[in-house]
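Presented below is the structure to which this report refers.
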Amino acid sequence: MIEVENLTKFYGPARAIQDVSFTVEPGEILGFLGPNAAGKTTTMRILAGYIPPTSGTARICGHDVLFDSLAARRNIGYLPESVPLYTEMTVRSYLEFFARLRGVRQVATAVERVVALCGLEGKEGEVIGRLSRGYRQRVGLAQALVHDPPVLILDEPTVGLDPRQIAEVRSLIRSLGGSHTIILSTHILPEASQVCSRVLIINNGRIVAEDRPERLAARVRGEQQILLQLGRPEPESERLLRSIRGVRSVSRDGQGRYRIACEPGAECRPAVAELCVQRGWQLLELRTQDVTLEEVFLRLTEDTVPTPEVQA
């Protein structure tokens, strides 16, 4: 549905992206992650037909975004980070305008559909400039959906929203997966874990990782982290835990909780549990701690040597 091959973009001598390649399958929600100026927005603007690449190809539903741009854009709903709203128009007139621009035949039906889908009931007659930030974001998402495109390109769709609005927009995006192919740019890493079936991490204009969130975590996990909580720890608890074979370090937070770091490949939980039984410790919790997507993101981007960039 989305095919990107060796996509490169230079602004004069400054490189924004280089040799970016990936695919997004029909019905998939792909999370596009990266630090500021990593190349996310440049890539999404190229896919949306907003700017041309310096080299490489990108195809939307089989249509080249450079040489068959109009056909490619007919299959796209695009929500940029800064939503292009005509604030003097009402919600209904704005959506009707975009529906006509998109060549929608049943304009009224299409508008009613996206109004219901995006939770804009009762707001159709209001002037956009008087809406809250959350409702403006919904209007922007509704215009991206009004022609029912097979592909959605969403650049930071929850930026500036409150927690309730973020949850609502995430739920909406999840509901669109399957019937739409979605590429979602975000700085909010839990958002990618909750919404996306696969994530792609870009740094300094290059792809550094691409996989399901849990598989990325497995790739960078390395050492095992064990969380232990004792009801009545004794003064020797920390020393005894350190003496277990395979334990690299033990730290304590003062509330009977211990974080135990094990050497790569070592399985320390059975020995920790056995020690608790031998010493008669009151065991309240014993579990491994999974690597979060935040840790994956930091580990995969922290060692990349930066190159001259533009804001991307």
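The values are calculated or read from the model by the stated rules, or taken from the named source; none is laboratory data. Since this is a predicted model, take the numbers as computed values, not measurements. Cβ sites come from the backbone with ideal geometry, for glycine too, and all protein chains shown count toward neighbours.
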Q) Mind checking which residues of the stretch 160-183 are crowded, with 16+ Cβ neighbours inside 10 Å and among the aliphatic types (A, V, I, L, M)? A) 161, 166, 169, 172, 173, 176, 182, 183
Q) Which residues, counting only those in the stretch 22-50, are touching a Cys at 6+ places or on another chain (Cβ under 7 Å) and within 11 Å of residue 1 (Cβ to Cβ)? A) 30
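One line per residue, one yes/no per condition, for (1) more than 28 Å from residue 24 (Cβ to Cβ); (2) surrounded by fewer than 16 Cβ atoms within 10 Å (Cβ to Cβ); (3) of a type in the set (S, T, N, Q):
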position: 56; (1), (2), (3): no, no, no
position: 84; (1), (2), (3): no, yes, no
position: 91; (1), (2), (3): yes, no, no
position: 95; (1), (2), (3): no, no, no
position: 110; (1), (2), (3): no, no, no
position: 133; (1), (2), (3): yes, yes, no
position: 136; (1), (2), (3): no, no, no
(Q) Based on this model, can you work out whether residue 16 counts as under 23 Å from residue 181 (Cβ atoms), in the same structural domain as residue 187 (by TED's automatic domain parsing) and surrounded by 21 or more Cβ atoms within 10 Å (Cβ to Cβ)? (A) no
Q: Please work out which one of (1) at pLDDT below 95; (2) farther than 20 Å from residue 137 by Cβ is the condition residue 80 fails and give its number.
A: (2)
Q: Working only within the stretch 226-257, note down all residues that are over 15 Å from residue 282 (Cβ atoms) and among the small types (Gly, Ala, Ser).
A: 243, 246, 249, 251, 254
